[in-house]
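S.K.: Got a structure for you, questions after.
Rule-based calculations on the coordinates, nothing more; no lab input. Everything quoted here is computed from the prediction, not taken from an experiment. Positions of Cβ are generated from backbone atoms using ideal geometry, with glycine treated the same way; all protein chains shown enter the neighbour counts.
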Amino acid sequence: MTQKTLPTERATMTFVFLTIFLGWVGFSLPFPVFGPLFLTQDAPLLDPAMSDGARARLLGLGLALYPLGQIIGSALLGRASDRFGRRRTLMVALMLTILGSVLLAFGVMASWVALLLLGRFVAGLGEGSIAIVQSLASDVSTPHTKARNFALIGIAMDLGFVVGPLAGGAVLGDVSAGAAATHWALPFWLATILFAVNFLLVPVFLKRNRIPAPEIVSDGDHRPATVMPLMLVSFCTFWSIMTFFDFFPVYFVQVYGTEPMWLGINAALLSVPLVAAGLVVGRLVGRLGARRVAVLALIMMGAGQLAFLQATDELAHIPAIIAIAVGITFGQTATSVLVSDAVPPHAQGRVLGLYRSVTVMAAVVAALVGGWLTSMAPGFPFMMAVLVCGAGVGFLYLPATRRAPQ
């Protein structure tokens, strides 16, 4: 690497880290309130007479609409960033995120479920920006720094997921019966402000000449025979990841009656091992290879969710949560590196957009299946996630996957 490229990589990764961190603080601010909005009878969103099963299924739909928007947004925005540039496309994505957050806030304040669900979908469209920032990281990375830079993206998400739930839980606090809808909407409004700040920082910190312009190539240049088996691995990995993220707070509400403030604290504590694992995963990928780290991640998540179901109180869940969190970080980094390494530099936006679409498609399936399963028993979504982890390990040993770059 030359003296000129080092500052480019460092400056771009600083911007990427800041953008992801602010975005995930905003995304996770409403985390402690979203589940209780559907499941708590005193919340202003739903009719108090609605059954618990109907509430759980509607929650599953609300959870699924966000990644459904990501499926569309990631594919379109990733491809657009190859053609029109990362900076311009990222600003469009952030505008969609702001709009979605405003719709969510108004939906809560007006007790209008349809508006809230629309807001989830629009915000999901904007979260296709993850594919753009991954492409930015790939644009400025060398083979020796890619795993580290992709791990930094995961660390930024995890730190955001520490700050967001804590702030959201503190803002919401211990909601009493009959609390005003404006009180429930506060985390959504704070998230909107953060997204707006993020949007304003893009033209300030991301200069037009900071990164190389992506080269436009033909659609046949992305080696589908190598990439598609890796997409199956990514699908299984993120099904397990999103099952845990979406349904461990639901599990705590159903089994222990955990209050929103404590849900925020639990979510923040989960992020501690996520960040710690992010500090070492780059080196681990360098030593073992991305495929072996992906296998390790699936084993840790599967075994951890089995142990999670055996715990008898909230404190007893901690060792299992730590194992799951480490597996989540390993899986996120290893699958993204595997997919990115399987394609040429000029196809990164398109294929990483496809990668994000596949992973959030897994989140849609996890939310829909999990919402249905949790209406029957709180632990059923996690049992399904264990089976999915086993399938992911199997896909990693397909011959085509084994021939993929390590």
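S.K.: Could you line up 66, 251 from fewest to most neighbouring Cβ atoms inside 10 Å? Could the numbers behind the result be given before it?
M.R.: Working: 66 26, 251 21.
By the 10 Å Cβ count, ascending: 251, 66.
S.K.: Continuing with this model, one more query. Report the residue, chosen from 110, 367, 147, that carries the largest GNM mean-square fluctuation when the chain is represented by alpha-carbon nodes joined by springs under 10 Å.
M.R.: 110
S.K.: What range in the chain is the longest one free of trypsin sites (Lys or Arg not before Pro) that are in a loop by DSSP and have at most 13 other Cβ atoms within 10 angstrom?
M.R.: Looking at the chain, 5-206 is the longest stretch - no exposed trypsin sites (Lys or Arg not before Pro) with at most 13 other Cβ atoms within 10 Å.
S.K.: Most fluctuating residue of 22, 90, 46 in a GNM of the chain with Cα springs under 10 Å: which is it?
M.R.: Taking springs between Cα atoms under 10 Å, the residue moving most is 46.
S.K.: Separate question: Per DSSP H run of at least 4 residues, take -39500 (n - 2.57); add these up for the chain, divide by its residues and hand me the 222 nm value, nearest 500 deg cm²/dmol.
M.R.: Per the formula, -27500 deg cm²/dmol.
S.K.: For helix 348-374, what angle does its Cα long axis make with the longest principal axis of the chain, in degrees from 0 to 90 and rounded to 10?
M.R.: For 348-374 against the chain, the angle is about 20 degrees.
S.K.: How large are Rg and Dmax for the stretch 41-118 when only the alpha carbon atoms are used, in Å?
M.R.: 16.1, 51
S.K.: Hey, got the dipole for the stretch 268-406? About the Cα centre, +1 on K and R Cβ, -1 on D and E Cβ, debye to the nearest 20?
M.R.: Value, rounded to 20: 640 debye.
S.K.: Further question: With 10 angstrom as the radius, rank 361, 231, 95 by how many other C-beta atoms surround their C-beta, starting from the fewest.
M.R.: 95, 361, 231
S.K.: Could I ask something else about it? Dividing the Cα convex hull volume of the stretch 323-406 by residue count, how many Å³ per residue is that?
M.R.: Values: hull volume 8.4 nm³, N = 84.
About 101 Å³ per residue, rounded to a whole number.
S.K.: Helix 52-84: angle to the longest alpha-carbon principal axis of the chain, degrees 0 to 90, nearest 10?
M.R.: 20
S.K.: On to the next question. Of 247, 348, 328, whose Cα points farthest to the positive end of the dipole of the chain (charges on the beta-carbon: +1 Lys, Arg; -1 Asp, Glu; origin at the Cα centre)?
M.R.: Of 247, 348, 328, it is 348.
S.K.: Now for a different question. Picking from 323, 54, 167, which is most flexible by a Gaussian network model of the chain using Cα springs under 10 Å?
M.R.: Looking only at 323, 54, 167, the biggest GNM fluctuation is shown by 54.
S.K.: How high is the relative contact order of the stretch 30-72? Use alpha-carbon pairs under 8 Å, at least six apart in sequence, and give a whole percent.
M.R.: For the stretch 30-72, the relative contact order is 28 percent.
S.K.: What size of dipole, in debye to the nearest 20, comes out for the chain about its Cα centre when the only charges are +1 on Lys and Arg C-beta atoms and -1 on Asp and Glu C-beta atoms? Don't jump to the answer; show the numbers that get you there.
M.R.: On the way: 24 positive and 17 negative charges, 341 e Å.
Charge dipole of the chain: 1640 debye, to the nearest 20.
S.K.: Under unit Cβ charges (Lys, Arg +1; Asp, Glu -1), what dipole magnitude, rounded to 20 debye, does the stretch 244-346 have relative to its Cα centre? Walk me through the numbers on the way to the answer.
M.R.: Numbers: 4 positive and 5 negative charges, 115 e Å.
That gives the stretch 244-346 a dipole magnitude of about 560 debye.
S.K.: Explain nothing, just the number: relative contact order of the chain, from Cα pairs under 8 Å at least 6 residues apart, as a whole percent.
M.R.: It comes to 28 percent, rounded to a whole number.
S.K.: Okay, moving on. Using Cα atoms only, what is the angle between the long axis of helix 318-341 and the major principal axis of the chain, expressed in degrees (0 to 90) to the nearest 10?
M.R.: Tilt of helix 318-341: around 30 degrees.
S.K.: Would you list 317, 144 from fewest to most Cβ contacts within 10 Å?
M.R.: Sorted ascending by nearby Cβ count, the order is 144, 317.
S.K.: Over the stretch 245-337, what is the mean sequence separation of C-alpha contacts under 8 Å (at least six apart), divided by residue count, expressed as relative contact order in percent?
M.R.: Once divided by the residue count of the stretch 245-337, the mean separation gives 36 percent.
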